[in-house]
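J.: There's a structure below that I have some questions on.
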Amino acid sequence: MKYDSLAEFFNMGGYALYVWGSFGVTALLMIAEPLMLRQRRRAVVQRIRRLVRLKSENPS
Amino acid sequence: MSSRLINWFKFSSPATFYPLAGKIARVATAIAVVLLAIGLYMSFFVAPTDYKQGEGYRIIFIHVPAAWMSMFIYLVMAFWAAMGLVFNTRLSAMMAQALAPTGAIMTFIALWTGAFWGKPMWGAWWVWDARLTSELILFFLYIGFIALQGAISDARRADRAGAILLLVGVVNIPIIYYSVKWWNTLHQGASVSLRNGSSMSAIMLETMLVMTFAFWAYAIAVALYRVRVIILEREKDARWVSELPEMRP
């Protein structure tokens, strides 16, 4: 193992703020983006389902 | 021979592209997850400590892939914008629109990790140097494109206006890329270039490439999932949409 302890790993040779600040925010964004996209998809699928139901209930 | 030719225009129809995009996106998601796991492991446990920057340099493994993606996604968007203007295909504009938020996020990551790297190494979060400033302009181009699309209610007009904005903004990409050569910048020159190869150690370069392909797969997956949503939003009244299996009550 490169690091002698877990604490040393998190310390990143004194660069903890900068390394974790970079990787942390990147991870946050790359998790948030797909989640927000899923919300958006759910919303549009729900709207279309409603449209389909309305059409099947009163066919013109 | 002719049987091997593919009718590419067939895929420019949203109805045919929708299921295909779903399939490619699923594969890309799997690739992204695997490559991110390998890439992160290499970033922290395989790549050695840098002799000058200690552990601080590990930011490079997200900074450079994100910066590359920020420029590459913009070029792909501009390509789709041009295709949309020339062939008047609806799907082209949807592709450009689907890529924009991911491109903006990649640009933000490049700027953010750049600041978090600049602070310990240069002593400043931000400097108005050519590389940083032109990358910031790229971020504003993405935001401007998204805002413009949102501000015009007629989809076709929004597509055309957005396409022109994208094509004009392309001029910024070579400026970003060559900024470290053209001007005397605080930002270091390219560590990896097509002509000169790499000035990094092999394992560092390999780690960066794995992360780059991971970001690539991520961007493909997210953009294709988003284009599917955009297709649904725009074609919600179409018959083929109402006949999709996911629309059954």
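Only the coordinates and a few stated rules stand behind these numbers; no lab work does. Predicted model, so just to flag it, every value in this text is computed and none were measured. In this analysis, Cβ positions are derived from the backbone assuming ideal geometry, glycine residues included, and neighbour counts consider all displayed protein chains.
J.: Average partner chain C-beta neighbours within 10 Å, per residue of A:36-48?
T.: Values: counts 2, 10, 2, 1, 6, 7, 1, 3, 9, 7, 1, 3, 11.
Average per residue, whole number: 5.
J.: Oh, and also: So for the stretch B:18-174, taking the charge dipole from beta-carbon charges (+1 Lys/Arg, -1 Asp/Glu), which of B:HIS63, B:LEU36, B:TRP126 sits furthest toward the positive end?
T.: Positive-end residue among those listed: B:LEU36.
J.: While we're on this one: Go ahead and estimate [θ] at 222 nm for chain B from helices alone: -39,500 (n - 2.57) per DSSP H run with n ≥ 4, summed, over the residue count, rounded to 500.
T.: Result for chain B, helices only: -24500 deg cm²/dmol.
J.: Using a cut-off of 17 Å between alpha-carbon atoms, which lysines can reach B:LYS23, once sequence neighbours fewer than 8 places away in the same chain are excluded?
T.: Within the straight-line limit of under 17 Å, B:LYS23 reaches these lysines: B:LYS10.
J.: Could you give me D for chain B, from Stokes-Einstein at 37 °C and 0.692 mPa s, where the hydrodynamic radius is the Kirkwood radius over C-alpha pairs? Units µm² s⁻¹, please.
T.: Calculated translational D: 166 µm²/s.
J.: How do B:132-139, A:5-12 rank on mean C-beta neighbours within 10 Å, highest first?
T.: B:132-139, A:5-12
J.: Separate question: Which angle from 0 to 90°, rounded to the nearest 10, does the C-alpha axis of helix B:202-234 make with the longest principal axis of chain B?
T.: It works out to around 30 degrees.
J.: Between B:LYS181 and A:SER56, what is the label-to-label distance in nm when each label sits 7 Å out along the Cα-to-Cβ direction?
T.: It is 6.1 nm.
J.: Can you check how the C-alpha radius of gyration of chain A compares to 2.2 N^0.38 Å, as a plain ratio?
T.: Values: Rg = 23.4 Å, N = 60, 2.2 N^0.38 = 10.4 Å.
Relative to the rule-of-thumb radius for its length, chain A sits at 2.25.
J.: Let me ask another. Once you keep just the Cα pairs under 8 angstrom separated by 6 or more residues, what percentage relative contact order results for chain B?
T.: 33
J.: Here's a follow-up. Tell me the angle of helix A:16-57 to the major Cα principal axis of chain A, expressed in degrees between 0 and 90 and rounded to the nearest ten.
T.: Computed tilt is about 10 degrees.
J.: Can you give me the angle between helix B:130-151 and the longest principal axis of chain B, using Cα atoms only, in degrees from 0 to 90, rounded to the nearest 10?
T.: It works out to around 20 degrees.
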